[in-house]
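Written out below as structure tokens is the structure these notes cover.
Every read-out reported here was derived from the displayed coordinates using simple, explicitly stated rules and does not represent laboratory data. Quick caveat, the model's predicted, so the values are computed rather than measured. Cβ sites come from the backbone with ideal geometry, for glycine too, and all protein chains shown count toward neighbours.
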Amino acid sequence: MRLWRNHKREWIDFLCDHYITMDCIYKWNDRTLDIPTFQHLKRRGRLAPVNLGFWGSFKDAAGEAKWRTNTLARIKETYAQLKAAGLGEYAYAYGCDEAPKDMLPQIRRATEILKEELPDVPLATTAYDHDFGV
């Protein structure tokens, strides 16, 4: 672990040299962003979009309340950090990875809430209807 800490910027620059971002689409519980690294990458013209955190869906009102308390609050918190650092335009949120079509109504509700709360943040998902609505 010390090797990473001692050479963090070198590793990150190496990844960027090969067009590999340091971002992760599966941020489940992480509420802190590495703002100094993102600022370094922006200064070098290499900052890629930053995922604010993975979001899922919920099945009922109780699940929605818990989702708002946990998931939505976490994503809003990380967005506030990025925005305060002047990097808000790099934010996006990824979620509902390859979810089945029976979850689409719940996913739609989650996206509606996210867009109400964070209208400037693009959302990404790989959930889709494999039957294309047929």
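What the Cα atoms of the stretch 1-57 give is an Rg and a Dmax of 12.3, 39 Å.
Please list, by residue number, every one of the chymotrypsin sites (Phe, Trp or Tyr not before Pro) in the stretch 62-134 that is coil in DSSP and has at most 16 other beta-carbon atoms within 10 Å.
Passing both the DSSP loop test and the Cβ count: 128, 132.
Share of Cα-Cα pairs in the chain beyond 20 Å, in percent? Value for the chain (Cα pairs over 20 Å): 51 percent. GNM remark for the chain: springs join alpha carbons under 10 Å apart, and the peak mean-square fluctuation among 87, 72, 104 falls on 104.
Please give the net charge around residue 68, taking every other residue with its beta carbon less than 12 angstrom from that of residue 68, where Lys and Arg add +1 and Asp and Glu add -1. So the environment of residue 68 carries a net charge of +1.
Across the stretch 63-125, Cα-Cα distances exceeding 15 Å account for 52% of all pairs.
For the stretch 35-105, the relative contact order works out to 43 percent when only alpha carbon pairs closer than 8 Å and six or more residues apart are counted. For the stretch 18-84, the square roots a ≥ b ≥ c of the C-alpha gyration tensor eigenvalues yield an a/c of 1.5 or more together with a/b exceeding b/c, which makes the shape prolate. In the chain, taking the dipole from charged Cβ atoms about the Cα centre, the farthest positive-side position among 45, 125, 71 is held by 45.
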